[in-house]
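Computed from the coordinates by the stated procedures, all read-outs in this text should not be read as laboratory data. Since this is a predicted model, take the numbers as computed values, not measurements. Virtual Cβ from ideal backbone geometry, glycine too; neighbours counted across all protein chains shown.
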Amino acid sequence: MEIEECKQISILDVANRLGISFKQVSSRVYEHLEHDSFRIFSTTNTFKWFSRDIQGDVIDFVRLVKGISFKEALAFLSEEPFQKEAVQEKRERPFYYPLKRVEDSNCSLARYYLTKCRGISEEIIEKMIQQGLMAQASWKTKETVEPVIVFKSFDHRHILQAASLQGIYKNHSIPRERLKTILKGSHGHVGISFDIGKPNRLVFCESFIDLMSYYELHQQSLSDVRLVSMEGLKRSVVAYQTLRLIAEENQKLEFLDTVTPSKLLPLINTIRDTTTYFDNHPDLLTLAVDCDDAGKDFSDKLSQSGFPVLLDLPDNESGKEKVDWNDILREKKSDLQLMIETAKETLRNQPVRQTSQCLEL
């Protein structure tokens, strides 16, 4: 049986044959009886285990449940007389960005926050603004209007697909003190990317502020690389950006135009299982995520899935629960400032050298 034929097999029928029970929670969503974050979507014939960030089609489902290879999963699906499913692909609505008319071209508050509070250099900030990846806008809620920094996500056709907002002023009524949200309708699988040279590898960070921090700390050694903010820990972003790089290398961007978000992980899994691409590109993927349990768990799962992953985690010599790249940048700049102040103080306290008024013969 061909791969596409296997993908048409009902994932619910497969789950039933494997003795795994799912209860119906809506007209098209089914939930695992023991893991409520493990769900099947009947209209797209796909599954997602939200707590583990695992998703895919019926082939991926069989591989996960039975712990077998891609070829073994195909053989299993081909041997049994499973019911076929009419798959309805979910249509993605175009992203609408509502803040264009309330953007502030000066970005003065954004610049102040990023330099003074986050330690990022003016040079880096200016680059991001010039490339259209960052803006300042006014965000209106029921209670107030506040200035925010907007981080913008563009796809392989440079079409705006998502936007994240970062508050500038502190708000003690919310847990994180500053607003942090993603605009409604954002397509979160794209990520926010910044190119250096002609990219032939990818470095993934958790946030755009971490991306800028990583860039500033490593800019002397970075060349021909695409830095990507996942805006969290998202395998879908890793899949999209990997497929994008492959499409660019082969001058086949039109191929990516046809790939829907639900196909990203199955496609990259197929490349892993049926080609030697990742064997030939062992340095392709670098994870520069936070040094915490979530970041390490994400990298472990990606590596265990058979993808070559290089880790570049921020140092955590103090043993903190979490350290990110912006923490490292601010720490280095704080140390540098302390050295400068110490040097100034030393110079001020040095005795003035007395010069003789006599001419020595």
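Quick notes on this one:
- 17 Å Cα-Cα reach of residue 152 towards aspartates and glutamates, excluding residues that sit fewer than 8 places from it in its own chain: 103, 104, 126, 195, 206, 210, 231
- Under the criterion of Cα pairs below 8 Å and six or more residues apart, the relative contact order for region 30-187 equals 13 percent.
- Evaluated with a Cβ-only charge set (Lys, Arg +1; Asp, Glu -1), region 3-79 carries a dipole of roughly 120 debye about its Cα centre, given to the nearest 20.
- The coefficient of translational diffusion for the chain, derived via Stokes-Einstein from the alpha carbon Kirkwood radius under 25 °C and 0.890 mPa s, stands at 105 µm²/s.
- Net dipole in debye of region 100-311 [+1 Lys, Arg Cβ; -1 Asp, Glu Cβ; about Cα centre; nearest 20]: 680 debye
- Phi angles of region 133-145 translate, via the Karplus equation with coefficients 6.51, -1.76, 1.60 and θ = phi - 60°, into HN-Hα couplings of 7, 9, 8, 10, 8, 9, 10, 9, 10, 5, 8, 7, 10 Hz per residue; Gly and Pro are given as x.
- Summing charges over neighbours of residue 156, with a neighbour being any other residue whose Cβ is under 13 Å away from its Cβ, gives -2 when K and R count +1 and D and E count -1.
- Taking all pairs of distinct alpha-carbon atoms in region 100-311, Kirkwood radius in angstrom: 18.2 Å
- Counted residue by residue at 0.36 nm each, then reduced by the alpha carbon distance between them, the extension gain from residue 258 to residue 315 reaches 16.5 nm.
- Per residue, the Cα convex hull of region 3-79 amounts to 85 Å³.
- When the pairs 66/320; 263/320; 127/322 are compared against a 31 Å limit on Cα-Cα distance, 66/320; 263/320 fall above it.
- Distances between placed amide hydrogens fall under 5 Å for residue 56 paired with 47, all partners being 5 or more residues away or on another chain.
- Distance violations [Cα-Cα > 18 Å] among 140/170; 48/184; 170/234; 116/234: 48/184; 170/234; 116/234
- For region 100-311, the residue among 259, 174, 302 whose Cα projects farthest onto the positive side of the dipole built from Cβ charges is 174.
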